[in-house]
Amino acid sequence: MSEREPLLRVEGVTVVYSVGGRRNVHAVSGVSFALFRGETLGLVGESGCGKSTLARAIMQLPRPTAGRVILDGEDITVLGSRSLRALRSRFQMIFQDPIASLNPIRRVGESIEASLRTKGGKSAAERVRRAREMMTTVGLDPEQHYRRRPFQLSGGQCQRVSIARALMTEPQLLICDEPVSSLDVSVQAHIINLLRKVKSDYGLSMLFIAHDLAVVKNISDRVAVMYLGRLCELAPCADIFSSPAHPYTRALINAVPRPGPCQPLAGTGMLSGELPSPMDPPSGCRFRTRCPRAETRCVMVQPELRQIAPGHLVACHFPLREVAGPDEDHRPLMDRPDN
Amino acid sequence: MVKKRGITFWLSVAWIALVMTCAVGAGFLPLPAPDQIDWACLATSPDGVHLLGTDNVGRDIAARLFFGARVSLTVGVIAPCIGLVFGSLLGVAAGFYRGWPERVIVGAIDVFLAVPRLVFLLVAMFVFGSGLPAITLALGLLCVPSFARMARANTIRFAGREFVLAARATGADDVAIVLREILPNALMPMVAYALLVMGYVIVAEGGLGFLGLSVPAPAPSWGGMIAEGREVLERAPHVSMIPAAAMFLTVLSVNLIGDGLRGWMDDRESQL
Amino acid sequence: MTVSDTHLLTVENLSVTIPSSAGAVRAVDRVSLALERGRTLALVGESGSGKSMFCRAVMGLLPRSAVVPGAARVTFDGRDLGGLPRRELAAIRGREIGVVLQDPLSSLNPVIPVGRQIAEPMRYHLGLSSARARERAVELLAAVGIPQPEERLGAYPHQLSGGMRQRVAIAMALACEPKLLIADEPTTALDVTVQAEILNLLGRLQRERNMAMVLVTHDLGVVAGRAHETAVMYAGRIVEKAPTVELFTRMRMHYTRALFDAIPRIDDPPHRELGAIGGQPPGPAAQRVGCPFAPRCWRAEERCRTEEPPLARDAGENHSYACWFPLSQEERP
């Protein structure tokens, strides 16, 4: 697809939970994508679509049930726990709830400093010095904030602490799991700007998960849309917003509020019905129960992710626009395990 | 918002401090030995010679009270500590690893809890003898199950929190996660609970003393003193009442301090 | 109740102070506003701007320690709420003022089926029989867009999705046909897709039932087209208040502008730097001298730091703002 070797390749990752007895939930089913160096890939979907589970599966917290996660050429799903721990400094994560992701009884400065402790090779004084530097980088005043505890800081400040902690180990990949969805709009802007800045300053690649398309559009180079454990569309940011191919993507875009007096109200062409239970997903295309274009074929055959334009992948039998092109582009791009 | 601790909290602290001072300083105070019998004064009321009077065989109640405080405090402090340490170890192991370690530990605790406590104590006294170390150990073992359950519940609660995941994401191993992330958080409510257990253990020791199962006579213990005063209860009620009051105030103080600390911790929790 | 009185709710000079170890916190500061029947007022502000405390004051649900200085007057439907005995206040709260809170999971009782939670207030306040209340509960669930309402009566809150729970919470708030609905961040805990649905639902129900609504939010983006009037709060004060369209087209406050710029927009190109307000909102107990926004305002001058601008309106206009140097025509978005 590209001559660039991706930093992260996710291949057929599946996460299955057992929920008592023999009932299983396929939270993530055969998701595959690549994340290139220096790129921000946005991942959107409603709550319960499995995007956080996917993020944790990539982090190996816990390991996925099936599939491979290849970071910089190395499959981290088969690593022993010791070598995995050693490699962890290269991929870090920022969690949704900024306050809950910090140890409540630790001083925040110590939380930042401690992430270097496991890497080893640095003296305590050196670690503290680095932690204070990093606090300055993320816009906190070490004099004022180093010795505070999480509950003494605002949500936005706690999220800055989390970012500092993640950056301490000098990662290549930063996975942000809804980092701004529990913050006020005004604080959210700060955090997004900060993430964009540290991404370019530190040459990071980023997987940015959110349910808010406007946020995702603001920060991403490419966007992947997830529904009920599967990817339904993956395309460059500009393409997916100007010409969404999956009916679900279009519904999501329509739901975004547009501020301003003369803008149409969000929610026209809304999704009907509820998200089906992942314990009992619909046959064929998982979106068919809410899709205005669903036909018999959607019930029978599960659509595979295929390319409809350069870099634009969609998993739909009847995408919203058919791009004129040679027929061979309509082949399934990746084999996916049946579940 | 930090709630101001009331006067009762500080009175309780003062009382415990007083009891501790007396227990530690009992040997240095100008008091008769706790087993020295003054045949001239049998069950006398408090006066200039005997500060708190004498018991039915003429021993100085103040001296016996102070030396008896050593027993109550030793048992009251060490037994909950035994419970806390062993309970935490078992509970954290069960809550952190789940699976078969949890099933074994929880099963063992359930079996242990099914044994009547008094029967356990009687058997323990029979096996270990009735010295202070034996009593402390036996009461300490009785505390282990409740601490273990609490530790397990707290560990499960914290092990799923995002800050533990975050620590794992930075590459921390199990030992570091338990010691640095989970234990400090799980321990806070358990320490407050230990104070509550302390009151319970002091009363339990008193009960054993009353039954003559605590430290062997003539060494003083509060429970034993109450029992000895029974014979002269009508004539000289202070012989029983003074140790009873001391025990009552001590247990009450310990509980009030525990409540105060718990309130303080709840305030902190609610700020999270 | 007089028919000529078009205002359902009037609040005059309402302040709320909460004593704390660090001195008295002025959570709400001299707020005055009026709401007509069947109209929607949006209250917009960051966390800690006092918008939730304002709602609690209107509902009479302030924390015990809170102090409301005597000059305040809250009139609801012709009655002075400050002068009412607790019992009557409680009756008004359940019956005539409905509330929808941010987190439906914590505002619903986890161990009671939702049907009973909706029916209970109707039996209590309206004296309906249990069969009639059940019938009404089904109607309400249908009205808030829950499919198969009869089957959902027996569901427990944890069995429902976030959006469904918020619908149930709305059904509960509507049970006694309130004249005023207070929606305190009703969509903050929800997905964007569900957010639009819930806001549309609230708007529809409000029009159908001619309810007045106070819509509290931190997102200026959601009020456009959904509120007749918008008030922006900062540090306990209302700093700008205007009909919503007027507010968006002729914004006067730098703070409002900053809130507006902070919103990521789906129609913008990717990687646009978002406008972010520097600094922190003032600490709750901070000394009030001058304009509270002055330390974060790029336009602030000496006067802003020493003299507090009053909430005033230009002659002949229905647009009030509290700023010495309001945005000019060119500075508006």
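The values are calculated or read from the model by the stated rules, or taken from the named source; none is laboratory data. Here the structure is a predicted model, which is why all the values come from computation and not from measurement. Note that each Cβ is placed from the backbone with ideal geometry, even for glycine, and that neighbours are counted across all protein chains shown.
Observations on the model:
- Test: A:C237 is within 14 Å of chain C (Cβ to nearest Cβ), over 24 Å from A:G67 (Cβ atoms) and modelled with pLDDT of 90 or more: yes
- All positions within segment C:138-148 that are of a type outside the set (A, V, I, L, M, F, W, C), closer than 17 Å to C:M122 by Cα and in contact (Cβ under 8 Å) with a residue 12 or more places away in the chain: none
- Tabulated pairs, segment A:293-312, first on the phi < 0 side of the Ramachandran plot and crowded, with 20+ Cβ neighbours inside 10 Å, second of a type in the set (V, I, T) and part of a loop (DSSP other than H, G, I, E, B), C-beta under 8 angstrom, 6+ apart or interchain: A:I308/A:V323; A:H312/A:V323
- Restricting segment C:168-196 to residues that are within 14 Å of chain A (Cβ to nearest Cβ) and touching a Gly at 6+ places or on another chain (Cβ under 6 Å) leaves a set whose member that is surrounded by the fewest Cβ atoms within 10 Å (Cβ to Cβ) is C:A196.
- Inside segment C:186-211, residues that are in contact with a helix residue (DSSP H, G or I) (Cβ under 8 Å, 6 or more places away or on another chain) and within 22 Å of C:F76 (Cβ to Cβ) make up a count of 5.
- Taken together, the criteria place C:R332 among residues that are closer than 26 Å to C:E246 by Cβ and either at pLDDT below 85 or in contact with a Phe, Trp or Tyr (Cβ under 6 Å, 6 or more places away or on another chain) (or both).
- Positions within segment C:92-128 being small (G, A, S) and surrounded by 14 or more Cβ atoms within 10 Å (Cβ to Cβ), in sequence order: C:G94, C:G98, C:S107, C:G115, C:A119
- Hits in segment B:30-72 (condition: part of a helix (DSSP H, G or I) and not aromatic (F, W, Y)): B:I61, B:A62, B:A63, B:R64, B:L65, B:G68, B:A69, B:R70, B:V71, B:S72
Conditions tested, residue by residue: (1) over 30 Å from B:R235 (Cβ atoms); (2) touching a residue at least 60 places away in the same chain (Cβ under 8 Å); (3) not basic (K, R).
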| site | (1), (2), (3) |
| --- | --- |
| B:V71 | no, yes, yes |
| B:G76 | yes, yes, yes |
| B:F86 | yes, yes, yes |
| B:V92 | yes, yes, yes |
| B:E102 | yes, no, yes |
| B:F120 | yes, no, yes |
| B:F126 | yes, no, yes |
| B:L137 | yes, no, yes |
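- Within the option set A:A100, A:A86, being within 12 Å of chain B (Cβ to nearest Cβ), of a type outside the set (V, I, T) and buried (at least 17 other Cβ atoms within 10 Å of the Cβ) holds for one residue only, A:A100.
- Residue check for C:T187: modelled with pLDDT under 85 and of a type in the set (S, T, N, Q): yes
- Selected residue (only one of A:E133, A:E178 is acidic (D, E) and more than 25 Å from the chain's Cα centre (by Cα)): A:E133
- When A:S162, A:S154, A:S181 are screened for being under 11 Å from A:P98 (Cβ atoms), within 12 Å of another protein chain (Cβ to nearest Cβ), surrounded by fewer than 21 Cβ atoms within 10 Å (Cβ to Cβ) and touching a residue at least 60 places away in the same chain (Cβ under 8 Å), only A:S181 passes.
- Some residue of segment A:188-203 being on the phi < 0 side of the Ramachandran plot, buried (at least 24 other Cβ atoms within 10 Å of the Cβ) and free of Cβ contacts under 8 Å to residues at least 24 places away in the same chain: yes
- Count of segment A:110-141 residues which are more than 9 Å from chain B (Cβ to nearest Cβ), farther than 24 Å from A:G203 by Cβ and not acidic (D, E): 4
- A:G139 fulfils the conditions (1) buried (at least 23 other Cβ atoms within 10 Å of the Cβ); (2) in contact with a helix residue (DSSP H, G or I) (Cβ under 7 Å, 6 or more places away or on another chain); (3) small (G, A, S) except for a single criterion, (1).
- Counting the residues of segment C:197-213 that are among the acidic types (D, E), crowded, with 21+ Cβ neighbours inside 10 Å and more than 8 Å from every other protein chain (Cβ to nearest Cβ) gives 0.
- Taking segment A:32-67 as the range and being modelled with pLDDT of 90 or more, over 22 Å from A:H312 (Cβ atoms) and among the hydrophobic types (A, V, I, L, M, F, W, C) as the test, the residues that pass are A:A55, A:A57, A:I58, A:M59, A:A66.
- Identification of strands (runs of 3 or more DSSP E) wholly contained in segment A:172-243 with 3 or more residues that are closer than 25 Å to A:S277 by Cβ yields A:222-227, A:230-236.
- Hits in segment A:172-205 - residues which are in contact with an Asp or Glu (Cβ under 7 Å, 6 or more places away or on another chain) and more than 22 Å from A:L54 (Cα to Cα): A:D184, A:V185, A:S186, A:N193
- Subset of segment B:1-43 (residues that are in contact (Cβ under 8 Å) with a residue 24 or more places away in the chain, more than 30 Å from B:W264 (Cα to Cα) and touching an Asp or Glu at 6+ places or on another chain (Cβ under 9 Å)): B:L31, B:P32, B:A33, B:P34, B:Q36, B:A43
- Residue in segment A:268-288 that is outside any loop (DSSP other than H, G, I, E, B), of a type outside the set (G, A, S) and either out of contact with any Lys or Arg (no Cβ under 7 Å at 6 or more places or on another chain) or modelled with pLDDT under 85 (or both) present: yes
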